[in-house]
Amino acid sequence: MTLPATGTLRRLVDPIARAWLAQGAAGVTINVQGSPVVTWPRGAEPSRPDLRANIASGRNSVAEIHVSGVDVAGAEMRLRSDAKLISSILGLESELSQMTAELSETQDQLVAVFDLARAARTRVDFDEILVTVVDVARDLTQARFAFILFDDSPGRIVTSPSDGFRPEEAVSAAFLTHVQASGRSLLANDSETLPDHLEMPDGVSSLIVVPITIEGRPRAALGVGRAGDHGFTAGSRKLLEAIGDQAGSLVESAIATQQTLARHRLQRDMELAAAVQRTLIARKLPSVTGLELAGRYRPAAEIGGDLYDVFTRNDGQLVVTVADVTGKGMPAALVMSMMRTAAHSVAAAMPGPDAALNRLNQDLYEELSDLSKFVTTFMAYYDPKERTVAIANCGHSPVVFCPAQGPARLIDANGPPIGVLDGDVTGSTIERLGPGDILAIGTDGISEAQAPDGTLFGYDRLMELIEGVRFESAAQLADAIFVHVDRFANGAAQADDQALVVLKGVAE
Amino acid sequence: MNLTTNIHNDVTVLTLDGRFDAHEAPAVVSALNGSLQTASVVVNLSGVNFIDSTALSTLVQGMKHCRERSGDLVLSNLQQPVRVIFELTKLDRAFVIYGSQEDALAAIAK
């Protein structure tokens, strides 16, 4: 028990002292170690006591109460009772004082932990979070040093700087393995308390190690150490466990934030790629005598693996290319970029679509094999003088030819898609494309569009549709096809990329 | 999709059953790449009612690998909807296709 300050002592004993004075006593004093510290009446010279009694804490006497000017007999017992009472009161006062101090310290620690959480929430950098954690751990437990051990390989350690002491050299990974295996924290104020396989690091007198759980598993350990006489209390262990829990959550939320950022970055890249693709594909179609042209492209996702390309060669012939890469999304789009460049350059150079596609196959066979992809490809050269179109079709459909009069028909492939067989893969056929004749080339996203009950749009429906709108312009035709496909799909999501080019012969 | 592998006289017979699409392709890629112990493969498609372009590219890839190793990958027992796809794309000119597994094995044996 510690005695309170003189003023408090006077206040606590005052009722008892006054009672003695009222009963006729001349003076009352409280003596500590032989000297009076408080006297009643105030300022009176203490005279020789007639009675004295011990004020004790346990077996120890901490003070004495002296009363002078009383009749001894009968008063002695009373004084002793009073002394006991004073003892109790002073004991309680002492406890209260200690509790208040501890509470204040706990409040400080709580504030520090909140600060830790708040500060770390704004950071995504793991290293900064971990450094903050070790610093806080060291400060709050009043340790000499603090560290975090990780279970990756090689095992990382983050430490809180401390003069003269390098925990990274002293603390072994065995401590991490131990708390991972036992699932519990470790507190040791001497080497005897440590399990056999663990050794107190040099110069360290006390150690606490707690597990840090990340995504359900103890992936790291947080520890603090002291190098002097004072050991760690159970309270410090609890506090460190709490900090360890916090650290685990902070790391988990940093991981989640990083993943979200990565997703956003990817999404943004996709959007940029889609913008590039839209620009390349939506370029204005050339005009050519005797022909109406319309082109449409609808990728299934942000970007797709279908292609159409229309340009005029130096000799005046119009080249139309429609192609479909196996697969969807980014990989297909990248292959398609490669295809567009290669197809454009062979078509500019080669005399006919068959020569062009055979050359294209030769050029791209190796790469497409390496990528395990192939490309169904349609290419046509329209001669505006002859009003004919030469067609080479490597595995592509649907290709519909609808003459000005008569039924529509499918134009078959001449050979397999580009990238399947080495060597020459196609020949060519010729069609007239006079006034009213229609050539429509789509990709299988159109013919394979599904109704909610699973039926496919198919080729017959497509041919009937084209026959039905044969008097419309190329643009109206193209729009009509998509309107009908969408109506057929009846709200079902578009599963595959859709591209369409319509060529319609017109009178001069 | 179900996938079973058997070996008959030094020829792997890969039997597929179900919808063969991009989702199922990786399993077929493993069967045709890593674990192939023979130079030739017969892919029995009797149970396959749907095939998409990614699945086709898997077969094309397998076929190229076998031919590089002086063997071949041939197809058998194509259902009608699958046969149509092969005809449209003219992949029926790229692959050797048999009506039955027995015919395929007999032809390879020669």
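The values are calculated or read from the model by the stated rules, or taken from the named source; none is laboratory data. All figures in this text were calculated on a predicted structure; none of them were measured in a lab. In this analysis, Cβ positions are derived from the backbone assuming ideal geometry, glycine residues included, and neighbour counts consider all displayed protein chains. For accessibility, only protein heavy atoms count, side chains too; no ligands or nucleic acids. Shrake-Rupley method; radii C 1.70, N 1.55, O 1.52, S 1.80 Å.
Residues in the stretch A:341-354 that are open to solvent by 40 Å² or more (accessible area, probe 1.4 Å) and within 45 Å of the chain's Cα centre (by Cα): 3 in all. Looking across the stretch A:253-303 at every residue that is touching a residue at least 60 places away in the same chain (Cβ under 8 Å) and small (G, A, S), the one that is most open to solvent (accessible area, probe 1.4 Å) is identified as A:S253. Could you list, in sequence order, the residues of the stretch B:64-110 that are free of Cβ contacts under 8 Å to residues at least 40 places away in the same chain, small (G, A, S) and away from chain A (no Cβ under 13 Å)? Passing the criteria: B:S70, B:G71, B:S76, B:G99, B:S100, B:A106, B:A107. Filtered by the rule that a residue be touching a helix residue (DSSP H, G or I) at 6+ places or on another chain (Cβ under 6 Å), in a strand (DSSP E or B) and within 12 Å of chain B (Cβ to nearest Cβ), the stretch A:305-322 gives no residues.
Scanning the stretch A:415-440 for residues that are under 18 Å from A:Y382 (Cβ atoms) and outside any loop (DSSP other than H, G, I, E, B) gives A:T429, A:I430, A:E431, A:R432, A:I438, A:L439, A:A440.
Residue by residue, here is whether (1) assigned to a strand (DSSP E or B); (2) within 19 Å of A:L410 (Cβ to Cβ); (3) small (G, A, S) holds:
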position	(1), (2), (3)
A:R340	no, no, no
A:A343	no, no, yes
A:L360	no, no, no
A:L368	no, no, no
A:Y382	yes, no, no
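Counting only strands (runs of 3 or more DSSP E) that sit completely within chain B, those holding 2 or more residues that are within 11 Å of the chain's Cα centre (by Cα) correspond to B:11-20, B:40-51, B:73-76. You will find that of A:K328, A:K373, the residue that is farther than 17 Å from B:T89 by Cβ and of a type in the set (D, E, K, R) is A:K328 and no other. Taken over the stretch A:415-432, the criterion of being more than 7 Å from chain B (Cβ to nearest Cβ), open to solvent by 30 Å² or more (accessible area, probe 1.4 Å) and under 51 Å from the mean Cα position of the chain (by Cα) is satisfied by A:D422, A:G423, A:D424.
Pairs are defined by a Cβ separation below 9 Å, a sequence spacing of at least 6 or placement on different chains, a first member in the stretch B:36-61 that is touching a residue at least 40 places away in the same chain (Cβ under 8 Å), and a second member that is of a type in the set (F, W, Y) and open to solvent by less than 10 Å² (accessible area, probe 1.4 Å); the pairs so defined are B:V48/B:F20.
Scanning the stretch A:446-459 for residues that are within 42 Å of the chain's Cα centre (by Cα) and within 11 Å of another protein chain (Cβ to nearest Cβ) gives A:S447, A:E448, A:G454, A:L456. On the given criteria, is B:V13 open to solvent by less than 10 Å² (accessible area, probe 1.4 Å), more than 10 Å from chain A (Cβ to nearest Cβ) and more than 25 Å from A:E367 (Cα to Cα)? Considered against the rule, which asks whether it is open to solvent by less than 10 Å² (accessible area, probe 1.4 Å), more than 10 Å from chain A (Cβ to nearest Cβ) and more than 25 Å from A:E367 (Cα to Cα), B:V13 comes out as yes.
Taken together, A:M330, A:M379, A:M338 contain a single residue that is in contact (Cβ under 8 Å) with a residue 12 or more places away in the chain, away from every other protein chain (no Cβ under 12 Å) and open to solvent by less than 40 Å² (accessible area, probe 1.4 Å), which is A:M379.
For (1) open to solvent by less than 70 Å² (accessible area, probe 1.4 Å); (2) of a type in the set (D, E, K, R); (3) farther than 20 Å from A:A137 by Cα, each residue gets a yes or a no:
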position: A:A83; (1), (2), (3): yes, no, yes
position: A:S87; (1), (2), (3): yes, no, yes
position: A:L92; (1), (2), (3): no, no, yes
position: A:Q98; (1), (2), (3): no, no, yes
position: A:L103; (1), (2), (3): no, no, no
position: A:L110; (1), (2), (3): no, no, no
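Pick from the stretch A:387-414 the residues that are within 15 Å of A:T376 (Cα to Cα) and not in a strand (DSSP E or B): which of them is farthest from the other protein chains (Cβ to nearest Cβ)? Within the stretch A:387-414, the match that is farthest from the other protein chains (Cβ to nearest Cβ) is A:I411.
Within this structure, A:L130 fails the test of being at pLDDT below 80 and either crowded, with 18+ Cβ neighbours inside 10 Å or part of a strand (DSSP E or B) (or both).
Checked against the criterion of being surrounded by 14 or more Cβ atoms within 10 Å (Cβ to Cβ) and modelled with pLDDT of 90 or more, the candidates A:L198, A:L194, A:L250, A:L187 yield just one match: A:L187. For A:L357, the conditions (1) of a type outside the set (G, A, S); (2) more than 39 Å from the chain's Cα centre (by Cα); (3) open to solvent by less than 10 Å² (accessible area, probe 1.4 Å); (4) more than 14 Å from chain B (Cβ to nearest Cβ) are fulfilled apart from (4). In the stretch A:455-505, what residues are of a type in the set (V, I, T) and either assigned to a loop (DSSP other than H, G, I, E, B) or open to solvent by 60 Å² or more (accessible area, probe 1.4 Å) (or both)? Once the filter is applied, which keeps residues that are of a type in the set (V, I, T) and either assigned to a loop (DSSP other than H, G, I, E, B) or open to solvent by 60 Å² or more (accessible area, probe 1.4 Å) (or both), the stretch A:455-505 yields A:T455, A:V469, A:V483.
Just one residue in the set B:N33, B:N49, B:N2 is within 14 Å of chain A (Cβ to nearest Cβ), under 28 Å from A:G445 (Cα atoms), open to solvent by 40 Å² or more (accessible area, probe 1.4 Å) and of a type outside the set (K, R); that residue is B:N49.
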